[in-house]
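First, the structure itself, so that you have it in front of you.
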Ligand SMILES: *[C@@H]1O[C@H](CO)[C@@H](O)[C@H](O)[C@H]1NC(C)=O
Ligand SMILES: *[C@@H]1O[C@H](CO)[C@@H](O)[C@H](O)[C@H]1NC(C)=O
Ligand SMILES: *[C@@H]1O[C@H](CO)[C@@H](O)[C@H](O)[C@H]1NC(C)=O
């Protein structure tokens, strides 16, 4: 007692330092979450979100160590009073391993119309092995859910999150503004279907940095309506590389503009830097793209623009791609190609690519200079040209 009284000011100081009085903390265990990984904690997550959302001050939802089974969660932010909600995750959040449980859902964890949400740390495990097995042996399986989605949201920070084995894309940024992803780790087997690492579309000012991504599909894919995207210091592989596209499926489609991809390593991937458009009519475009300081190790298509994308020759009635591609810079790209053609520009006959620039490219195939192939592509090469440029 006397100890407590004597040290009361100290306790207060510590208390204030640890829990700034203006930050409200919502521990999901206090809302009934179960950390054994077996009992569904969806209700607890929703209740904690409800409380944080209603808080008039910055709020933190705390997910302590342990495993939490979450059927699915849909966090709506439209009516939130709090201007800043942080999810501090020390534990692992598990999706149901039985894919029939979310058969009719498109999303596992979705944030919609939120502003000022941050996620620090944590692991998400989509437990999708049985769904992928189903997909490879039958065509009567559910499509699967997106792992973590942010939709119609702004001012989002995702730092130090691990996401593995998602049924579909691991992280989806859709219709968002000002999103930062840093120190993210995404992993799924190289043969898992449609498990893109991070997909960005209809969004502006998205930054993806210092992350490691290996999946069965694109490490990062960039959809229509993306602008001012910054990607830096990424290790990609296995997977299909970083892809702008597929674009130009719709006739009326917003373009992709001002994308920087810097300091990226691709290891054993199907593609490195890819731009891919459907061979269909469209008013979409791709412009002002910079790829810089890229290292390829054993990549099948290190540099590729493919405007004749039309799998199984279906739904592309021979009209060529309407997507206009211009001002794409490749600067300081080096390493090894797993195929002879390391640089391939297969552009639209109707709308040739323009302003393609290759500067200091050094890609080899089996210790020999590789080859480049161009169709309907215009631009220039500067500095080191290995393979010899066909522009
Ligand atoms: C999200 O934003 C888009 C574009 O602004 C809009 O068309 C759509 O209705 C919004 N969706 C929701 C659920 O708010
Ligand atoms: C391009 O995007 C970056 C962020 O990725 C931004 O800083 C820059 O101002 C943008 N440039 C233009 C011309 O909008
Ligand atoms: C190009 O790359 C090869 C193999 O990676 C290397 O041996 C060579 O020195 C490089 N050339 C230049 C001019 O940097």
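The values are calculated or read from the model by the stated rules, or taken from the named source; none is laboratory data. Values in this document were obtained by computation on a predicted structure and should not be read as measured data. Positions of Cβ are generated from backbone atoms using ideal geometry, with glycine treated the same way; all protein chains shown enter the neighbour counts.
Looking at 359, 314 in this structure, which one is more than 16 Å from ligand 2 (Cβ to nearest atom) and in contact (Cβ under 8 Å) with a residue 24 or more places away in the chain?
359
Across the range 146-161, which residue is farthest from the chain's Cα centre (by Cα) among those that are under 26 Å from residue 253 (Cβ atoms) and within 16 Å of ligand 2 (Cβ to nearest atom)?
Only one residue fits best here, namely 154.
Among the residues of the range 347-364, which ones are buried (at least 19 other Cβ atoms within 10 Å of the Cβ) and part of a strand (DSSP E or B)?
Residues satisfying the conditions are 353, 356, 358, 361, 363.
Take residue 247 and decide whether it is surrounded by 19 or more Cβ atoms within 10 Å (Cβ to Cβ), in contact (Cβ under 8 Å) with a residue 40 or more places away in the chain and either in contact with a strand residue (DSSP E or B) (Cβ under 8 Å, 6 or more places away or on another chain) or not assigned by TED's automatic domain parsing to the domain that holds residue 179 (or both).
For residue 247, the condition - surrounded by 19 or more Cβ atoms within 10 Å (Cβ to Cβ), in contact (Cβ under 8 Å) with a residue 40 or more places away in the chain and either in contact with a strand residue (DSSP E or B) (Cβ under 8 Å, 6 or more places away or on another chain) or not assigned by TED's automatic domain parsing to the domain that holds residue 179 (or both) - is met.
Identify, from the list 319, 252, 307, the residue that is crowded, with 23+ Cβ neighbours inside 10 Å, away from ligand 3 (no atom under 16 Å from the Cβ) and more than 30 Å from residue 185 (Cα to Cα).
307
Mind telling me which of the residues 164, 127, 143 ends up being surrounded by fewer than 24 Cβ atoms within 10 Å (Cβ to Cβ), under 14 Å from the mean Cα position of the chain (by Cα) and not assigned by TED's automatic domain parsing to the domain that holds residue 240?
164
Kindly list the number of the only condition in (1) at pLDDT 95 or above; (2) farther than 15 Å from residue 72 by Cα that fails for residue 139.
Exception for residue 139: condition (1).
If the requirement is being outside any strand (DSSP E or B), touching a residue at least 24 places away in the same chain (Cβ under 8 Å) and under 23 Å from residue 228 (Cα atoms), which of these qualifies: 321, 282?
After applying the criteria, what remains is 282.
Report yes if some residue within the range 374-386 is away from ligand 1 (no atom under 16 Å from the Cβ) and closer than 23 Å to residue 234 by Cα; otherwise report no.
The answer is no; no qualifying residue exists.
Let me ask something else about it. Only residues that are buried (at least 22 other Cβ atoms within 10 Å of the Cβ) and within 16 Å of ligand 2 (Cβ to nearest atom): list them for the range 255-290, please.
Across the range 255-290, the qualifying residues are 256, 259, 261, 264, 286, 289.
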